[in-house]
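The values are calculated or read from the model by the stated rules, or taken from the named source; none is laboratory data. Owing to the predicted nature of the structure, the values given are computational and were not obtained by experimental measurement. A quick note on method: Cβ atoms are made from the backbone with ideal geometry, for glycine too, and the neighbour counts reach across all protein chains shown. Just so you know, the surface numbers come from the protein's heavy atoms only, side chains and all, with ligands and any DNA or RNA stripped out. Shrake-Rupley method; radii C 1.70, N 1.55, O 1.52, S 1.80 Å.
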2 protein chains.
Amino acid sequence: MYSIDKLKEYLENKDVKPSYPRLKVLEYLLRYQNHPTADQIYNALVNEIPTLSKTTVYNTLHRFVESKVATPVCVDGGETHYDATVNEHGHFKCQICKKIFDFDIDLEKACEKGLTGFEILNRSINYKGFCPNCVE
Amino acid sequence: MYSIDKLKEYLENKDVKPSYPRLKVLEYLLRYQNHPTADQIYNALVNEIPTLSKTTVYNTLHRFVESKVATPVCVDGGETHYDATVNEHGHFKCQICKKIFDFDIDLEKACEKGLTGFEILNRSINYKGFCPNCVE
DNA sequence: AGTTATAATGTAATCATTACAAATTTGACA
DNA sequence: TGTCAAATTTGTAATGATTACATTATAACT
């Protein structure tokens with residue numbers, strides 16, 4: 001699906017050196033699109049990379065965020081989830097199953113007011129409630 | 001500005017028993033509209049209520065959220081801020097001064113797609129960047 | 001006043017994240 | 001290929017916000 005070479009190129013274009021852990025974290029994010037936490041990524045990769053350290057996962061994710069390879073998703077307090085999808089979209093977190101769902105939203109039409117003079121770097125739209133599987 | 005009686009009535013309408021700490025927390029939230037953290041609220045009130053415990057502040061805030069007296073604001077990970085304003089609005093957090101600013105936004109116009117079958121309980125819109133005072 | 005439910009308190013535990021110093025790897029260059 | 005410097009990774013210990021929980025206090029109701 002995502003060749004190592006493509007991933008390498010992608011990281012290099014974003015000025016991130018494509019080390020093995022970084023490639024693996026990126027591959028994981030892109031393949032599962034699962035909004036994983038640092039802990040989930042660590043657990044998913046540690047079998048394949050036995051020397052992997054959780055600090056490396058955190059370092060990598062911070063690096064990714066800084067270089068806009070990934071976006072942090074903070075719906076509740078608690079753990080931060082990460083997302084490597086590029087297009088802007090909203091996140092819906094189900095209160096029951098805790099899964100995060102993506103949805104499309106067009107903020108251009110939402111006509112925000114009161115931000116003249118502000119420099120916006122990042123927008124996040126987080127909804128909470130019950131997903132179709134969990135509504136009762 | 002906010003009489004104790006009004007606050008009492010307000011809490012009772014939301015099915016929250018108006019104990020003294022709860023009234024004081026609500027008063028603080030409404031008066032300063034400062035998006036304080038639990039810790040900030042605790043520090044602001046502990047002089048006036050020397051027996052106040054931080055756990056009580058957390059309990060109170062949880063109770064408020066549950067009863068829709070307050071809304072949690074989680075922009076980054078880290079600490080949760082709280083807001084007792086009723087109308088829906090966005091939050092902008094300045095990366096430099098860390099202040100949170102409110103802004104108006106009309107999500108009805110944003111035509112979200114992909115949420116049919118979902119029951120939405122809560123929406124939050126968080127922007128990050130530089131506020132006018134901190135842009136350089 | 002006595003009893004029961006609800007709320008407040010304080011301490012100890014938890015959990016995600018960060019700090020930091022040491023070890024390892026990488027890449028450039030001779 | 002060997003060497004060196006820079007960048008990355010690692011492991012452990014610390015931090016900081018939040019929660020768990022048992023105890024005490026307060027309020028409500030008979």
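Give the residue list of GluC sites (Glu not before Pro) in region B:11-56 that are DSSP loop and have at most 10 other beta-carbon atoms within 10 angstrom. Display every interim value, and only then the final one.
Numbers: sites: B:Glu12, B:Glu27, B:Glu48; in loops: B:Glu48.
Sites meeting the loop and neighbour criteria: B:Glu48.
By a 1.4 Å probe calculation restricted to protein chains, B:Ser3 has an accessible surface near 60 Å², given to the nearest 10. Region B:58-117 and region A:21-58 have Cα centres spaced 30 Å apart.
How large is the accessible surface per residue of region A:4-83, computed with a 1.4 Å probe and reported in Å² as a whole number?
Roughly 54 Å² per residue, with all protein chains present.
Hey, in the GNM for chain A with a 10 angstrom Cα cutoff, which one of A:Arg31, A:Arg63, A:Arg123 fluctuates hardest? Judging by the Gaussian network model, the answer is A:Arg123. Taking the protein heavy atoms of the protein assembly as shown in the context of the full set of protein chains, the accessible area attributed to carbon and sulfur is 48 percent at 1.4 Å. Residue by residue along A:126-133, Cβ atoms of other protein chains within 10 Å of the local Cβ number 6 on average. Counting charges near B:Tyr82 (Lys, Arg +1; Asp, Glu -1) among other residues having Cβ under 12 Å from its Cβ returns a value of -2.
So, counting K/R as plus one and D/E as minus one, what does the shell of residues with Cβ under 13 Å around A:Tyr32 add up to?
Details: positive: A:Lys24, A:Arg31, A:Lys99; negative: A:Glu27, A:Asp83, A:Asp102.
Charge balance near A:Tyr32 sits at 0.
Helix B:4-13 and the long axis of chain B differ in direction by around 60°, with both axes built from C-alpha atoms. Among the listed pairs A:Lys109/B:Lys24; A:Lys128/B:Lys93; A:Lys109/B:Lys93; A:Lys6/B:Lys109; A:Lys99/B:Lys99, a Cα-Cα separation exceeding 28 Å is found for A:Lys109/B:Lys24; A:Lys6/B:Lys109; A:Lys99/B:Lys99.
Largest GNM mean-square fluctuation among B:Thr85, B:Thr51, B:Thr37, using chain B with Cα springs under 10 Å: B:Thr51.
When A:Asp106, A:Asp83, A:Asp15 are compared by accessible area at a 1.4 angstrom probe, the order from most to least is A:Asp15, A:Asp106, A:Asp83.
Buried accessible area for the B:A pair, summed, 1.4 Å probe, in Å² rounded to 100? Approximately 3200 Å² gets buried when B meets A. Rounded to the nearest Hz, the phi-derived 3J(HN,Hα) couplings of region B:91-98 under the Karplus curve 6.51 cos²θ - 1.76 cosθ + 1.60 (θ = phi - 60°) are 10, 10, 10, 6, 5, 8, 8, 6, where x marks glycine and proline.
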